[in-house]
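Each remark here refers to the structure printed beneath this line.
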Amino acid sequence: MTPTPAETCPDAGQWRAWLDDGPGRADARLARHASACAACQHTLEQVRENALFARESLQPLGPARPPTEAEIATARARLDDPAEPAAPVRLPAAASSRPAARFGQRWRAAAAGVAAAVALTGALLTPQGAALASQFLAQFRSEQLAVVEVSPQSQQAIQQTFQTLSNLGTVEHPQGMPTRGAAREASQASVSLQEASRRVGFQVTELAPGDVPAGLQPTPRISVFPGGTIRFRLDAAKARAYYQARGQNVNVPAKFDGAALVVNMPAAALLSYQSADPNSHQELVLGQAGEVTVGTEGNVSLDEMRAFLLDLPGLPADTVAQLKALKDWHTTLPIPVPVDKVQWQARGIETKGGKSYQGLLLNDNSGVGSAAIVQANGRIYGWAGSMKARDLLDVIKRTDVGSR
Amino acid sequence: VLDVADPPAPQTRPAPRFDASRFDALFRRFYPDLYGLAYRLLGNRGAAEDTLQETFVRLSRADALLERPDAEVGAWLRRVCLNLGANRLRDERRARERLTRAGRLDLAAAQSDLGAPASLLLRAEERAGVRRTLARLPARQRDCLLLRHSGYSYAEIADTLGVAIGSVGVLLARAEQAFRDHYQEDSSS
């Protein structure tokens, strides 16, 4: 039996829908057609097999169970949570019932960064004693941001631990990575916007003259911090001898011998808008950089190197715990935040054109400075200035972070 | 005190209307199913929760949308959730690619879970394979597959993807065919 010539064969989509309709609601004409048309029987069989294959393949992707009532309530509460415990945030009363436009505790809990090595290498590059803005801006390196809270004690311990790296192997600064002094020197030289763009490898953005806060000169002084590569190459014998001499029992597997942690730091452009009044300390700095890449050379993976570095004696337990808690540590750069000096908040930060990006807002406890960092379009943008956070957010809303 | 308040709205602008009880009702109605959808797309609880958080934050800003019928809001939420999830996956993929290109990421080691039993690793690898295949599909096909196999009706899929309900069958059939072809291609390579 074959369909009549006037009867058009249904397409695969109709057969697919027919399969999902179930016997009770399925179109009887299609059933008749299927029983009569060999071509459609073939099509139907193929559609059925594909549907079954997809169902069986996708079924394991689902969660083991739906969220519980308590989990739903927690998720709902997190939307409302306007303040983080360590970063008191004052929101306007009118907005209190509207969910905050930022990630709350989860972001913050996960917000504990990248590999310790990256964090601490970043810390090594931070010019000591620089102004508040420079301290913030020196850390604009990553492709995803997270906070690692550090106390003065843990900062000191981290610094000391990493100063011992040279006792475990060699720390190489080839390919133009500047010393702190050289970096500071490089930051003194002023370049054009075009030259800065060339050096960092993308179009550096600047504020339109009308968008520069009142009291600041509309034309920025532009400088570039050169990037480069740092290698920490482990010498197993040297490391064992060092720890033995100190009476510490540290396992240094043989395969780590000669392995290196490699950190590629991008060049960063800094646009400094300064006060027209030479006696004023008012300043706004806009920093822009590419992303850090980190990896290893030798017989160890990045995971193994990270685990080894995190287990080094001397690192503060709370810092290690924060770093180990990271979910996406391969792509997340920890921003060490000294909680005794700086309050922080993870939140959505709006830029020009209404585009919002997840980032960090920081404020020094003296109330004279604030900073923000976002990752946008594969780059890191940072703003720091001698102004209140709300005024800084206004400036950011007028900054075009462009597109990828 | 860290003052992060947005600047006060100009006096001439009417105060935003935000219906908190309506928002709550929508959250409770749609969150569980959206969680399943986001989890299927992203593969882990944290990413799914973060994506849903951002999705509902956006809903909270869309005052006019809150006044629309549930079905319309649901379609909008699914669309936003899928878009945000896809963006997240894309960003993660690009990040991995950059690191891999630079020879800086040992993916095999990074993705392994040395402490897990072999059977769990196998299942995890199968799920990863399915997600890799999904990532190769055109966005609309991928979304259609995820929606259908998350249990959404043809009408809901049509509303979410902005297509006629009569087109869902053909979109789904093509998506399933493409999925099978790509999956088998990946498995044999």
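The values are calculated or read from the model by the stated rules, or taken from the named source; none is laboratory data. Being a predicted model, the structure only gives us computed values, none of them experimental. Positions of Cβ are backbone-derived with ideal geometry, glycine not excepted, and every protein chain shown enters the neighbour counts.
Quickly run through the stretch A:231-250 and pick out the residues that are in contact with a helix residue (DSSP H, G or I) (Cβ under 8 Å, 6 or more places away or on another chain) and not β-branched (Val, Ile, Thr).
A:PHE232, A:LEU234, A:ASP235, A:ALA236, A:LYS238, A:ALA239, A:TYR242, A:ASN249
Among the residues of the stretch B:16-49, write down those that are in contact (Cβ under 8 Å) with a residue 24 or more places away in the chain and either loosely packed, with under 14 Cβ neighbours inside 10 Å or of a type in the set (D, E, K, R) (or both).
B:PRO16, B:ARG17, B:ASP19, B:ARG22, B:ARG29, B:ASP33, B:ARG40
What tally of residues in the stretch A:285-311 results from selecting those that are assigned to a strand (DSSP E or B) and within 22 Å of A:GLU206 (Cβ to Cβ)?
Selection size over the stretch A:285-311: 5.
Kindly evaluate B:ALA95 against the criterion of being over 10 Å from the mean Cα position of the chain (by Cα), surrounded by 20 or more Cβ atoms within 10 Å (Cβ to Cβ) and either within 11 Å of another protein chain (Cβ to nearest Cβ) or at pLDDT 60 or above (or both).
yes
Can you pull out every residue in the stretch B:36-51 that is in contact with a Phe, Trp or Tyr (Cβ under 8 Å, 6 or more places away or on another chain) and either under 21 Å from A:GLU350 (Cβ atoms) or not aliphatic (A, V, I, L, M) (or both)?
B:ARG45, B:GLU49, B:ASP50
Which ranges mark the helices (runs of 4 or more DSSP H) fully within the stretch A:15-86 that have 3 or more residues being surrounded by 16 or more Cβ atoms within 10 Å (Cβ to Cβ) and either modelled with pLDDT under 85 or at the interface with chain B (Cβ under 9 Å from one of its Cβ atoms) (or both)?
In the stretch A:15-86, A:38-58, A:69-80 are the helices (runs of 4 or more DSSP H) which contain 3 or more residues that are surrounded by 16 or more Cβ atoms within 10 Å (Cβ to Cβ) and either modelled with pLDDT under 85 or at the interface with chain B (Cβ under 9 Å from one of its Cβ atoms) (or both).
Contact list please: Cβ distance under 9 Å, first residue in the stretch A:259-275 and closer than 17 Å to A:GLN375 by Cα, second residue modelled with pLDDT under 85 and charged (D, E, K, R), pairs at least six apart or on different chains.
A:MET265/A:ARG141; A:PRO266/A:ARG141; A:PRO266/A:GLU291; A:PRO266/A:ARG379; A:ALA268/A:ARG141
Please enumerate the residues belonging to the stretch A:384-404 that are more than 15 Å from A:GLY353 (Cβ to Cβ) and either assigned to a loop (DSSP other than H, G, I, E, B) or aromatic (Phe, Trp, Tyr) (or both).
A:SER386, A:MET387, A:LYS388
Where in the stretch A:224-284 are there strands (runs of 3 or more DSSP E), lying fully within it, with 2 or more residues that are among the charged types (D, E, K, R)?
A:228-234
Do we have B:GLU54 as at pLDDT below 90, under 25 Å from the mean Cα position of the chain (by Cα), farther than 21 Å from B:ILE157 by Cα and at the interface with chain A (Cβ under 7 Å from one of its Cβ atoms) here?
no
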